[in-house]
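Scroll down for the structure; my scribbles are underneath it.
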Ligand code: ADP
Ligand code: MG
Ligand code: ZN
């Protein structure tokens, strides 16, 4: 079978990505499959192509109702009959989908797992030939994953009630063996073909930064990327609110998303982001699963996530269109405290206490790996790939650590002052205090609560007056991460550890290794500021984007659903002059060529005509043809 032909005709791509062909062929041969591919790896195509070729309908089980609409719109744009059933549809619309589905009008039907239990849905699916059940984000079935959805556990029973057992295809980006075996067991996959592709995403640049001020650092990073779309993940709702407000106050078109917002506002904000009306999204980790916005060109983590797996999944939402994109994590030791707090709060109510404790312990282990990523001076990409068990070069040459330079600073004296100050406060008050009090005492604050406690009488009072508060916080964070200070998980107070006595009483030196960020930043800048194409081509790119914007407005869909940025870039480089040439552009399939081709070809023709005129103008003025 000419799978390449189908790939080109419907999706406009000329080559399969790793794993896609094997999974598609497996499904077509009637085998259950499990596809493990990184976010952005192209899992959807693996069930969409079989859905086109199989006799019966394909049922797609997907966890987020808010995103089904997008996927279905994208399929319809590619000329594929698809629909979705979820609670956002009006009763009439719902009825219509049921009727059409019963008539066999759809190749694909998307549903949330909750629907599988509904009586009328069961009746519908029992009366239809169903060739394939595709389970997207299949890790939701596992309690060990981070997005456990109890309703996923119904899937096997649902399949068991169908008159004929369809092929089951499961997809996830979660690579741990535990989650993988849960998927196979709980979905009752039969001798599945497992395809686990490489996890490297070469177009992503990884970096970890520990700025003195996260706010300032964030603002600078976002400002440097003005006009681009990005996601900023924060650990808590409160931070989402603060960061979003800060960005908006600085003229950045940002919006926000977290579980505390009303449904309609969440949906509205998500749409604003998808449609690039507000291209910067500030969100908790509630945002993003299944998000298919391909032109996200950076993901910044304002806080360290709970696990490297969560990090890779969230960061992986950048650069799905294959264009260079940045994944930057802003780290401070305070993040460890927040993460520990969140883990202590986690676990779902229906778990037994022993079970919950086991989950927590595992989460702590994962957190340690995540902290390791933040602290390593080795290759960041290598650290990620190690976690996923993939071999790699020692240095990728394109992450912040590979490009950074390091220097060691002797911080023994300020370290002694900080550690001893913590002890002296304890002697005075009878208890340890938190970060901010410690910083205030060291910097000689005249605040009432410092004076009232007599802390201004301590010999360490005001010793670090010369340093900025930010710098003192950084030193404290470092002392904690290096094991000289410990945060009490209940009261968030700081206590010197055993290791601190060697520094205090034996004069053991303390070194702080800092990366000088200049080299890495220059490399980043270089990449961003060197135009990818000659200036004229940039003009054409802008014109093509404008055409895309116009079409998107007309059809009321997000722009990237018409063509991705990668497609427009390729189009600007190739400058097709007719429909045949247009089909050579990556991402242009027959259906889209038919639907949008004319508008884009016209834009290119106009551009070329203008160029011609400009050339004539030059000739008229100088008497010579312009430089080649
Ligand atoms: P995943 O679900 O694995 O995170 P998607 O299925 O959303 O990834 O695909 C990510 C992007 O890659 C989409 O924009 C999709 O159109 C594109 N894509 C998928 N397969 C190919 C391919 N063979 N060639 C080029 N682009 C592809
Ligand atoms: Mg997906
Ligand atoms: Zn590297």
Criterion (touching a helix residue (DSSP H, G or I) at 6+ places or on another chain (Cβ under 6 Å), more than 25 Å from residue 582 (Cα to Cα) and away from ligand 3 (no atom under 16 Å from the Cβ)) met by exactly one of 65, 24, 49: 24
Filtered residues of the stretch 14-27 (kept if more than 8 Å from ligand 1 (Cβ to nearest atom) and surrounded by 23 or more Cβ atoms within 10 Å (Cβ to Cβ)): 23, 24, 27
Flag if residue 368 is more than 16 Å from ligand 3 (Cβ to nearest atom), surrounded by fewer than 18 Cβ atoms within 10 Å (Cβ to Cβ), part of a helix (DSSP H, G or I) and without any contact (Cβ under 8 Å) to a residue 40 or more places away in the chain: yes
Residue in the stretch 451-464 that is assigned to a helix (DSSP H, G or I) and within 30 Å of residue 199 (Cβ to Cβ) present: no
Residue count for the stretch 389-411, restricted to those that are surrounded by 15 or more Cβ atoms within 10 Å (Cβ to Cβ) and in contact with a strand residue (DSSP E or B) (Cβ under 9 Å, 6 or more places away or on another chain): 8
Matching residues in the stretch 77-100 - criterion: being touching a strand residue (DSSP E or B) at 6+ places or on another chain (Cβ under 6 Å) and either within 17 Å of residue 591 (Cα to Cα) or in a helix (DSSP H, G or I) (or both): 82, 97
Residue 628 vs. criteria modelled with pLDDT of 90 or more, away from ligand 3 (no atom under 16 Å from the Cβ) and either under 35 Å from the mean Cα position of the chain (by Cα) or not in a helix (DSSP H, G or I) (or both): no
Any hit, the stretch 39-46, residues being touching a residue at least 24 places away in the same chain (Cβ under 8 Å) and over 18 Å from residue 293 (Cβ atoms): yes
Restricting the stretch 338-348 to residues that are at pLDDT below 80 and in contact with a helix residue (DSSP H, G or I) (Cβ under 9 Å, 6 or more places away or on another chain), the residue that is surrounded by the fewest Cβ atoms within 10 Å (Cβ to Cβ): 348
Members of the stretch 101-116 that are farther than 21 Å from residue 292 by Cβ and in a loop (DSSP other than H, G, I, E, B): 103, 104, 105
Residue in the stretch 39-49 that is more than 15 Å from ligand 2 (Cβ to nearest atom) and more than 25 Å from residue 327 (Cβ to Cβ) present: no
Positions within the stretch 46-67 being within 13 Å of ligand 1 (Cβ to nearest atom) and at pLDDT below 95, in sequence order: 62, 63, 64, 67
Qualifying residue in the stretch 117-131 (condition: part of a strand (DSSP E or B), surrounded by 18 or more Cβ atoms within 10 Å (Cβ to Cβ) and either at pLDDT 90 or above or touching a helix residue (DSSP H, G or I) at 6+ places or on another chain (Cβ under 7 Å) (or both)): yes
Which numbered condition residue 137 misses (of (1) surrounded by 20 or more Cβ atoms within 10 Å (Cβ to Cβ); (2) modelled with pLDDT under 95; (3) away from ligand 1 (no atom under 16 Å from the Cβ)): (3)
All positions within the stretch 377-391 that are assigned to a loop (DSSP other than H, G, I, E, B), modelled with pLDDT under 90, away from ligand 1 (no atom under 16 Å from the Cβ) and under 21 Å from the mean Cα position of the chain (by Cα): 389, 390
Residue among 308, 219 that is more than 28 Å from residue 586 (Cα to Cα) and modelled with pLDDT of 95 or more: 219
Unique residue being more than 11 Å from ligand 1 (Cβ to nearest atom) and assigned to a loop (DSSP other than H, G, I, E, B) when the list is 30, 5: 30
Only listed residue being farther than 21 Å from residue 369 by Cβ and within 16 Å of ligand 2 (Cβ to nearest atom), chosen from 274, 313: 274
Subset tally (residues that are under 19 Å from residue 47 (Cβ atoms) and buried (at least 20 other Cβ atoms within 10 Å of the Cβ)) for the stretch 172-191: 7
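The values are calculated or read from the model by the stated rules, or taken from the named source; none is laboratory data. Computed from a predicted model, the values in this text were never measured in an experiment. Here the Cβ is made from the backbone with ideal geometry for all residues, glycine too, and neighbour counts use every protein chain on show.
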